[in-house]
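Read the structure below first, then the notes.
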Amino acid sequence: MPAKKSKKTMENINSRLQLVMRSGKAALGYKTTLRSLRTGRAKLVIISGNCPPLRKSEIEYISMLSRTHVHHYAGSNTDLGTACGKYFQVAMLAITDGGDSDILKSMESEG
């Protein structure tokens, strides 16, 4: 039964990510995520499941300093890229503007 719940949650996150990519603003990739965290523009950071541990801990640390929520995406970087509607792999992304999506409110209530 838990597998069904996680699949439904994953679809929910994917649909919200698609809405953010259409109506909001997001910075894809390590460098741009780091830049948006340092400037204080990032509101939510999503990290893929197979991101290298050192890079993941660095982003988590900077997110903690900038008081930004971090969500660990259950899928790989290929899945995260597909969820964003891109044809390349995305290790992490920073959402700077949620747009019409309620992803910022839902992630803050979860974590």
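The values are calculated or read from the model by the stated rules, or taken from the named source; none is laboratory data. All values derive from a computational prediction rather than experimental measurement. All Cβ positions, even for glycine, are placed from backbone atoms using ideal geometry, and neighbour counts span all protein chains on display. These accessible areas exclude ligands, DNA and RNA; they are computed on the full protein's heavy atoms, side chains included. Shrake-Rupley method; radii C 1.70, N 1.55, O 1.52, S 1.80 Å.
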HN-Hα J in Hz across the range 79-96 - Karplus 6.51, -1.76, 1.60, θ = phi - 60°, x for Gly and Pro: 5, 5, x, 5, 5, 7, x, 10, 9, 10, 7, 10, 6, 7, 8, 10, 8, 9
Formal net charge of residues neighbouring Glu60 (Cβ-Cβ distance under 15 Å; K, R +1; D, E -1): +3
Charge tally in the Cβ shell below 13 Å around Leu28, where Lys, Arg are +1 and Asp, Glu are -1, Leu28 excluded: +4
The chain, accessible surface, carbon-and-sulfur percent (1.4 angstrom probe): 53 percent
Lysine pairs in the chain with Cα atoms under 22 Å, if 8 or more residues apart or on separate chains: 16
Max mean-square fluctuation residue, GNM over the chain, Cα-Cα springs under 10 Å, options Leu37, Leu65, Leu19: Leu65
Amide proton proximity set for His69, modelled H, under 5 Å, gap of 5+: Val45
Under-5 Å amide H pairs with Thr96, H placed in peptide plane, nonlocal only: Lys25, Ala26, Ala27, Lys43
On Cα atoms only, tilt of 2-23 relative to the major axis of the chain in degrees: 60 degrees
Relative contact order for the chain, counting Cα pairs under 8 Å that sit 6 or more residues apart, in percent: 40 percent
Helix 53-65 vs. the chain, principal-axis angle (Cα, 0 to 90°, nearest 10): 70 degrees
The chain: most fluctuating residue of Thr39, Thr96, Thr68 per GNM, C-alpha cutoff 10 Å: Thr39
Whole-number D in µm² s⁻¹ for the chain, Kirkwood Cα-pair radius fed into Stokes-Einstein, 10 °C, 1.306 mPa s: 115 µm²/s
Whole-Å distance, taken between Cα centres, linking the range 79-111 and the range 1-57: 4 Å
The chain: most fluctuating residue of Tyr30, Tyr73, Tyr61 per GNM, C-alpha cutoff 10 Å: Tyr61
Residues of the range 57-87 with amide N under 18 Å of a point placed 7 Å along Cα→Cβ from Met10: 71-86
Solvent-accessible area per residue for the chain (1.4 angstrom probe, square angstrom): 61 Å²
